Structures are given as C-alpha cells and as structure tokens.
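Below is one structure; the comments refer to it alone.
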Amino acid sequence: MANIKNYDSKAKKLLKNILEINSIDYTKLATLLQKVGVNETNANLSNKIQRGKFSFSFVLQVLDVIDKDLSITKKIEK
C-alpha cells in the first residue's frame, strides 16, 4: 500500500506546479480566493500547500479562480 505522505507530496507538487505555470503567487491567490468568499492569508496558503494537506474542494476552488478546468487522462505506463 502506498504511503500517505507520498500522496501529500504529490498533491503539493501538483498544486505548486499549477500555480507556477499560471504565474500565481500566494498573494495573488489569496486575492483571487477572497473574490469567491475563501479567506486565506498568504501564510495560511503557504502552510497548507507546503504540507500537501488540503481538500479536493480547495483544489477546485483554486482552479476556478484561475479560470482552469480539471482534465483526467489515462496514466502513462513507465
């Protein structure tokens, strides 16, 4: 069985990558999230994302405020 910390690490890397690709820092993300009623400080966002412990709903909120959609594709065999 996979270690839960591996998934936390993957979640962190994925969300940080999404933000980086879209040139979104924590300050900008906090501002965007406030527009949809999600009040997070820069520090809270940094801590939450660094831990890799956040809800899927949070990921959907982030994608929504940066005007992105979620796409599911088949895993590429290694």
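The values are calculated or read from the model by the stated rules, or taken from the named source; none is laboratory data. This is a predicted model, so every value here is computed, not measured. Note: ideal-geometry Cβ built from the backbone for every residue, glycine included; neighbour counts use all protein chains shown. Side chains included, ligands, DNA and RNA excluded: accessible areas come from the protein's heavy atoms. Shrake-Rupley method; radii C 1.70, N 1.55, O 1.52, S 1.80 Å.
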Number of Lys pairs (Cα under 14 Å; 8 or more positions apart or on different chains) in the chain: 11
Largest first, what is the accessible-area ranking of Thr41, Thr73 with a 1.4 Å probe? Thr73, Thr41
For every helix of n ≥ 4 consecutive DSSP H residues, a contribution of -39,500 (n - 2.57) applies; sum these over the chain, divide by its total residues, and give [θ] at 222 nm rounded to the nearest 500 deg cm²/dmol. -18500 deg cm²/dmol
For the pair Tyr7 and Ile24, how long in nm is the line joining their label points, each one 7 Å along Cα→Cβ? 2.3 nm
Å² per residue, accessible surface of the chain at 1.4 Å: 78 Å²
If you plug each phi of the range 35-44 into the Karplus form 6.51 cos²θ - 1.76 cosθ + 1.60 with θ = phi - 60°, what whole-Hz ³J(HN,Hα) values come out, in order, with x for Gly and Pro? 5, 10, x, 9, 9, 10, 7, 4, 5, 4
Please report the equivalent ellipsoid semi-axes of the range 1-42, computed as sqrt(5 x eigenvalue) of the Cα gyration tensor, largest first, in whole Å. 25, 13, 7
Around Ile4: net Lys/Arg minus Asp/Glu count, Cβ-Cβ under 14 Å: +4
Using a simple charge model, +1 on the beta-carbon of Lys and Arg, -1 on the beta-carbon of Asp and Glu, nothing else, what dipole does the chain show about its Cα centre, in debye to the nearest 20? 400 debye
Among (1) 3, 15, 24, 21, 20, 13, 3, 0; (2) 3, 14, 24, 27, 16, 8, 5, 2, 0; (3) 3, 17, 30, 31, 16, 3, 0, the entry that matches P(r) over Cα pairs in 5 Å bins from 0, in percent as calculated here: (2)
Which trypsin sites (Lys or Arg not before Pro) does the range 1-71 hold that lie in a coil by DSSP with at most 15 other beta carbons within 10 Å? Lys35, Lys53, Lys68
Quote the relative contact order of the chain in percent (integer), defining contacts as alpha-carbon pairs under 8 Å separated by 6+ residues. 34 percent
